[in-house]
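Worksheet: the structure to be examined is printed underneath.
The values are calculated or read from the model by the stated rules, or taken from the named source; none is laboratory data. Quick caveat: nothing in here was measured; it's all calculated off a predicted structure. Because the Cβ atoms are built from the backbone with ideal geometry, glycine has one as well, and the counts that use them run over all protein chains shown.
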Amino acid sequence: MSPSARPQAADAPGPVLLHRADGVVTITLNRPRRKNAMTLESWNLLREGLAGVRLVEDRVVVLTGAGEDFCAGADLTADDGDGPALANMDVVNDAVLALQRCPVPTIARVDGVAVGAGMNMALGCDFVLASDRARFSEIFIRRGLSVDFGGAWVLPRLVGLQKAKELVLLGDIVSAAEARSLGLVNRMVPAVELDAAVGQLAARLQANPPIAASLSKRLLNDSFERALVQALDAEASSQSINLSLDDAREAFDAFRDKREPRFQGR
């Protein structure tokens, strides 16, 4: 992550910031004094930022929080008007779908707390990189709420139904080390190494053939809803697209010439 894209230490204009550089889109939740807790405005801006990601031009998204925390979930003290609760949840759910449908790989850079919707936002990303001081919790039950931001969908897929029930119905705080052992976190590093680890992973993802990566991500995301024969048909269709592209020929040429390929997304 470039220095200009790193999380800011104090509140600055805009509760969600977006920065583009060299194919990396960094989306920063920017309410550090509130541990980046989300308001309706924040959810809308997050959705807009994710919906604006464009395949090939953009290669990877990094989702992070300003200051020393990722996200404390929804800001229950925010004045979000007197609209119906169900309508407000539609705003949240639109952000969930935008994250799920993002055509490029997504990385959650998690430092400090990732609780409630903040935890599920991180888990909704394709990769979760956490500092050793990160803490996770499905804290909803302690607030008199049921799980949201897709937690009921993503958790059983990651840890199984029984462990998902434990995390949701007890609402315990989970350390980064425990989250790593459960498979919720791809990699845990000391806090001072988090930016470097995210940058290294982003660089690897940037170097991938973008269309092949996007198609692979979609195949995996859809796999739980498909029978094997449907999955095979989808794989065949995707592979026919890849084989028609210059990137596949570039991969073959690079292998033959014993060099690293340079993928252009065409």
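In this structure, does residue 118 turn out to be of a type outside the set (Val, Ile, Thr) and either surrounded by 24 or more Cβ atoms within 10 Å (Cβ to Cβ) or in contact with a Phe, Trp or Tyr (Cβ under 9 Å, 6 or more places away or on another chain) (or both)? Against the criterion (of a type outside the set (Val, Ile, Thr) and either surrounded by 24 or more Cβ atoms within 10 Å (Cβ to Cβ) or in contact with a Phe, Trp or Tyr (Cβ under 9 Å, 6 or more places away or on another chain) (or both)), residue 118 qualifies.
Assess whether residue 192 counts as being among the β-branched types (Val, Ile, Thr), exposed (fewer than 12 other Cβ atoms within 10 Å of the Cβ) and assigned by TED's automatic domain parsing to the domain that holds residue 134. The answer is yes for residue 192.
Just one of the listed residues (150, 112, 116, 81) is more than 16 Å from residue 29 (Cα to Cα) and modelled with pLDDT of 95 or more, namely 150. Candidates in the stretch 108-134 are the residues that are part of a strand (DSSP E or B) and not aliphatic (A, V, I, L, M); of these, the one that is farthest from residue 75 (Cα to Cα) is 127.
When the test is whether a residue is closer than 29 Å to residue 214 by Cβ, modelled with pLDDT under 95 and not polar (S, T, N, Q), residue 89 passes it.
Surrounded by 15 or more Cβ atoms within 10 Å (Cβ to Cβ) and acidic (Asp, Glu): is that true of residue 126 in this structure? Criteria met by residue 126.
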